[in-house]
1. Before we move on, is residue 169 more than 13 Å from residue 247 (Cβ to Cβ) and touching a strand residue (DSSP E or B) at 6+ places or on another chain (Cβ under 7 Å)?
2. Scan segment 65-96 residue by residue and report those that are out of contact with any strand residue (DSSP E or B) (no Cβ under 8 Å at 6 or more places or on another chain), buried (at least 24 other Cβ atoms within 10 Å of the Cβ) and under 18 Å from residue 141 (Cβ atoms).
3. So which residues in segment 224-247 are surrounded by 20 or more Cβ atoms within 10 Å (Cβ to Cβ) and out of contact with any helix residue (DSSP H, G or I) (no Cβ under 6 Å at 6 or more places or on another chain)?
4. Conditions: (1) touching a strand residue (DSSP E or B) at 6+ places or on another chain (Cβ under 9 Å); (2) within 18 Å of residue 201 (Cβ to Cβ); (3) crowded, with 23+ Cβ neighbours inside 10 Å. Residue 262 meets all but one. Number of the miss?
5. Can you pull out the helices (runs of 4 or more DSSP H) entirely within segment 129-210 that have at least 1 residues that are over 29 Å from residue 222 (Cβ atoms)?
């Protein structure tokens, strides 16, 4: 008996978005140089997003890295009050994406949660391969107390978060924070990558035609990490030897996404370690859906859910 067509799971709105993407017939990222792929991703990043909420504070600055690099960061906040802080790492396969491509999403999270959001422009592959992105994200996270004093945010109520590759980085930083004695209120993981190799059933089911393809994943990881390094838990958090004591997690997944199975597996691993987990699977949508709120109702629901999760976590801190 033939397997059911996985495209039948898509919502009508999601099918319409995919049809529009197909009609646009733009070059696929894996066919481009890293520089051209970044430009292409940036050009399309905001097309389907909700209008960017106005912010009382929008401040660009830098956090110094140990190797002398200055890591660009952007603080957005809905007021000048002493607000809790979400440190946010953008998606893009460790190769594309930036503060600019995720500015609207960070503003939405700030507005929904009533918090400040610090977006991190970590260095990208292939110019800066693994583990440089991890180092940049952790150096920003580890310096939050000083940053909070300088910027007037509340260092006692801090969360980390990110989407896709950024979700991986957030999960890793949550483990590093536990090891460093840095208390986090929450890790907000939006369809994170967590496995060393992409062998789960969802990678086969959604390999082609669902926004994030097998070709994209192979290309991103080929830019970022050597095959011999893939078992490192800083790339594959499911390989972390111990998850006990890491921050509570909110995990948001897309049903029609190659990464959905590994997101579920990571939630299971956290629960097995005694970590509180709130896991939501948004039905009938694909990877990247949270940046499609103009067209996809589930994105707007996810925005509200993330805001509520952050508010609960910060109020419990």
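All of the numbers you see were taken from the coordinates with simple rules; none came from a lab. Just so you know, these numbers come straight off a predicted model, no measurement behind them. Heads up, the Cβs are rebuilt from the backbone with ideal geometry, glycines too, and the neighbour counts pull from every protein chain shown.
1. Yes, satisfied.
2. 94
3. The answer is 224, 225, 235, 236.
4. (1)
5. Values: elements: 132-142, 144-151, 165-180, 201-205.
Once the helices (runs of 4 or more DSSP H) in segment 129-210 are filtered for at least 1 residues that are over 29 Å from residue 222 (Cβ atoms), what remains is 132-142, 144-151, 165-180.
This table checks each residue for (1) in contact with a helix residue (DSSP H, G or I) (Cβ under 9 Å, 6 or more places away or on another chain); (2) buried (at least 21 other Cβ atoms within 10 Å of the Cβ); (3) farther than 22 Å from residue 46 by Cβ.
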position	(1), (2), (3)
100	yes, no, no
125	yes, yes, yes
153	yes, yes, yes
156	yes, no, yes
